[in-house]
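S.K.: Right, I'll just put the structure down here and ask away after.
The values are calculated or read from the model by the stated rules, or taken from the named source; none is laboratory data. Fair warning: this is a prediction, and the values are worked out from it, not measured in the lab. Positions of Cβ are generated from backbone atoms using ideal geometry, with glycine treated the same way; all protein chains shown enter the neighbour counts. Ligands, DNA and RNA are stripped out before the accessible areas are found, and what is left, the full protein with its side chains, is counted by its heavy atoms. Shrake-Rupley method; radii C 1.70, N 1.55, O 1.52, S 1.80 Å.
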Amino acid sequence: MAHATFTSEGQNMESFRLLSGHKIPAVGLGTWRSGSQAAHAVVTAIVEGGYRHIDTAWEYGDQREVGQGIKRAMHAGLERRDLFVTSKLWYTLILRKMINLSSPLMNVLVGTCLNKRCTELSPERVRPALQNTLKELQLEYLDLYLIHWPIRLREGASKPPKAGDVLDFDMEGVWREMENLSKDSLVRNIGVCNFTVTKLNKLLGFAELIPAVCQMEMHPGWRNDRILEFCKKNEIHVTAYSPLGSQEGGRDLIHDQTVDRIAKKLNKTPGQILVKWGLQRGTSVIPKSLNPERIKENIKVFDWVIPEQDFQALNSITDQKRVIDGEDLFVNKTEGPFRSVADLWDHED
Ligand code: NDP
C-alpha cells in the first residue's frame with residue numbers, strides 16, 4: 001500500500017512510495033494555464049520553494065517553458081535524479097514534426113489541422129508523443145507518464161465534438177505501448193488520469209504493469225471517494241488535481257466558510273488547508289500557482305496536521321460536484337457515444 005514517508009534529502013519533503021519502489025514527492029507544482037510564465041513558476045518552486053515534483057502535459061502547451069524552468073533550476077545545482085517530472089499523453093508529434101521538416105504548403109495544410117483538435121489516442125502514436133514531450137522538456141526520461149483522458153478524438157475534432165469526433169479507444173493497445181516505454185526506460189512509471197472504476201477494472205484485466213498513479217480531480221468540494229478507495233485497495237497511488245478547486249469558473253474553496261474557519265483556527269492559509277487535506281487522505285497534491293508567495297506557501301504543509309474534527313468537517317462539505325467534468329471536450333448531446341457527463345464517467349458519480 002502506498003504510504004507516507006519522510007525523505008532525508010535536505011528539504012524534508014514528504015513523499016509517497018509507488019508500487020515501482022520510486023517515490024513521488026507529496027506536493028508538486030501544477031502548470032495548467034501557466035503559459036509563458038511557467039518557466040518562472042518552475043524555477044521559483046524548485047529553487048525557492050523546495051518543490052521536487054512538477055506536473056505538466058502536452059495539452060497545456062507549456063512544456064517548453066516548463067523544460068526551460070527545469071534547466072535553469074538544474075543550472076542552480078539541482079540533479080535530474082532529484083526531480084520528479086510528470087507529463088501526459090494526449091497526441092503526438094507526428095504533425096508538428098512535419099511542420100518543421102516540410103514545405104511551406106505542407107505547413108499550411110498541417111497548420112490548418114493543428115488549429116483544430118488533433119487528438120487521436122492510438123497505439124502507434126504513443127511513442128512519438130512521448131518523444132515529442134521529452135524534446136519539449138529537454139529531458140532524457142520522465143518520472144511519470146499518464147494517459148490524460150481515456151477518450152480518443154478524431155483528428156481535427158471540434159470542441160464540443162461533432163458527430164463522429166469521438167472514436168473507440170484501444171485501451172489495451174495504448175497501454176501496451178505505455179508499458180513498452182517503461183521497459184525501454186524512457187519513463188520510470190506509467191499511469192492514468194480521469195479514469196472510472198469501470199475503466200480501471202478493465203485496464204487491470206490485461207495490464208502487465210499496473211498503473212503506478214491515477215491522477216484525479218479531488219478537493220473537499222469533490223472528494224471522489226469511490227475512486228480513491230478503489231485505488232487504495234489496488235495499491236495505485238492517487239494524485240489529487242485541482243486541489244484548490246481550480247481556477248476562475250471552478251469551485252471557490254479558498255473562500256469556503258469551513259475552509260476559512262479551519263485556516264484561521266490553525267493559523268494557516270486556506271490554500272495550505274486544502275493541500276494538507278489532500279495529503280492527509282494519502283494523495284499527492286499538485287496546486288498550481290504563478291504567484292511566488294503562493295507557490296512557497298502551498299508547500300509549507302509538513303510540520304503540522306489538521307486535527308481529526310476539522311478534517312472530518314472538511315470531509316462533510318456539501319454540494320459535491322466535479323469542476324473538470326469533460327463536457328466541453330467530449331459530450332455531444334445528440335450524437336454520443338457520450339450524450340451526457342454521466343455517460344462520460346460511466347454513471348459512477
Ligand atoms: P488549482 O486547484 O491548483 O487552483 C489554481 C488556482 O488557485 C489559480 O487560480 C491560482 O492562482 C490559485 N491559487 C494557488 N495557490 C493559492 C493560494 N495559496 N491561495 C489562493 N489562491 C491560490 O487548479 P488547477 O486546475 O490548475 O489544478 C492544479 C494542477 O492539476 C494543474 O495545474 C495541472 O497540473 C493538474 N490538472 C490535471 C488535470 C488532468 O486532467 N489530469 C486536469 C486539471 C488539472 P495564482 O496562479 O494567481 O496563484
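S.K.: Report every pair of residues separated by at least 6 positions or lying on different chains whose Cβ atoms are under 6 Å apart, first residue within segment 314-336 and free of Cβ contacts under 8 Å to residues at least 24 places away in the same chain, second open to solvent by 20 Å² or more (accessible area, probe 1.4 Å).
M.R.: Hits for this filter: D325/V341; K333/R339.
S.K.: Any residue in segment 291-302 that's open to solvent by 40 Å² or more (accessible area, probe 1.4 Å): show its pairings with residues that are near the ligand (Cβ under 10 Å from one of its atoms) and not in a helix (DSSP H, G or I) at Cβ separation under 6 Å, as long as the two are six or more apart or on different chains.
M.R.: E297/T269
S.K.: Would you mind telling me which numbered condition in (1) open to solvent by 20 Å² or more (accessible area, probe 1.4 Å); (2) more than 20 Å from the chain's Cα centre (by Cα); (3) small (G, A, S) A263 fails?
M.R.: Here A263 clears every test but (1).
S.K.: Counting just the residues of segment 55-72 that are in a helix (DSSP H, G or I) and among the aliphatic types (A, V, I, L, M), which one comes out farthest from the ligand (Cβ to nearest atom)?
M.R.: At the first step, the residues of segment 55-72 found to be in a helix (DSSP H, G or I) are 58-60, 63-72.
When the remaining residues are screened for being among the aliphatic types (A, V, I, L, M), the result is 66, 70.
Numbers: V66: 10, I70: 15 Å.
Looking at the filtered set, the residue picked out is I70.
S.K.: Consider L93 carefully, then state whether it is surrounded by fewer than 19 Cβ atoms within 10 Å (Cβ to Cβ) and at pLDDT below 95.
M.R.: Details: surrounded by fewer than 19 Cβ atoms within 10 Å (Cβ to Cβ): no; at pLDDT below 95: yes.
For L93, the condition - surrounded by fewer than 19 Cβ atoms within 10 Å (Cβ to Cβ) and at pLDDT below 95 - is not met.
S.K.: Looking at segment 329-349, which of its residues are of a type in the set (D, E, K, R) and in a helix (DSSP H, G or I)?
M.R.: D343
S.K.: Spot the failing condition for L274; the list is (1) of a type in the set (A, V, I, L, M, F, W, C); (2) touching a strand residue (DSSP E or B) at 6+ places or on another chain (Cβ under 7 Å); (3) within 10 Å of the ligand (Cβ to nearest atom); (4) part of a loop (DSSP other than H, G, I, E, B), and only one is missed.
M.R.: Condition not satisfied by L274: (4).
S.K.: Sticking with this one: Quick check on T258: is it more than 21 Å from the chain's Cα centre (by Cα), within 9 Å of the ligand (Cβ to nearest atom) and open to solvent by 30 Å² or more (accessible area, probe 1.4 Å)?
M.R.: Details: more than 21 Å from the chain's Cα centre (by Cα): yes; within 9 Å of the ligand (Cβ to nearest atom): no; open to solvent by 30 Å² or more (accessible area, probe 1.4 Å): yes.
Here the answer is no, as T258 does not meet what is asked.
S.K.: Looking only at segment 184-217, which residues are β-branched (V, I, T) and either open to solvent by less than 10 Å² (accessible area, probe 1.4 Å) or within 15 Å of the chain's Cα centre (by Cα) (or both)? Give the steps one after another, and end with the answer.
M.R.: Start the filter on segment 184-217 by keeping residues that are β-branched (V, I, T), which leaves 187, 190, 192, 196-198, 210, 213.
Passing the criteria: V187, I190, V192, T196, V213.
S.K.: In addition: Could you say whether any residue in segment 331-347 is under 21 Å from E248 (Cβ atoms) and open to solvent by 10 Å² or more (accessible area, probe 1.4 Å)? Before the answer, list the steps.
M.R.: The first filter runs over segment 331-347 and keeps only residues under 21 Å from E248 (Cβ atoms), leaving 341.
Then drop every residue that is not open to solvent by 10 Å² or more (accessible area, probe 1.4 Å), which leaves 341.
Looking for residues that are under 21 Å from E248 (Cβ atoms) and open to solvent by 10 Å² or more (accessible area, probe 1.4 Å), one finds at least one in segment 331-347, hence yes.
S.K.: Further, regarding this structure: Looking at segment 283-328 only, could you name the residues that are part of a helix (DSSP H, G or I), near the ligand (Cβ under 10 Å from one of its atoms) and not basic (K, R)?
M.R.: Hits for segment 283-328 are P292, E293, I295, E297.
S.K.: Can you spot a residue in segment 167-183 that is among the basic types (K, R), touching an Asp or Glu at 6+ places or on another chain (Cβ under 9 Å) and surrounded by fewer than 22 Cβ atoms within 10 Å (Cβ to Cβ)?
M.R.: Within segment 167-183 (the criterion being among the basic types (K, R), touching an Asp or Glu at 6+ places or on another chain (Cβ under 9 Å) and surrounded by fewer than 22 Cβ atoms within 10 Å (Cβ to Cβ)), the answer is yes, since at least one residue qualifies.
S.K.: Quick one: in segment 23-66, which of the residues that are acidic (D, E) and within 23 Å of V238 (Cβ to Cβ) is surrounded by the fewest Cβ atoms within 10 Å (Cβ to Cβ)?
M.R.: Among those that are acidic (D, E) and within 23 Å of V238 (Cβ to Cβ), it is E59.
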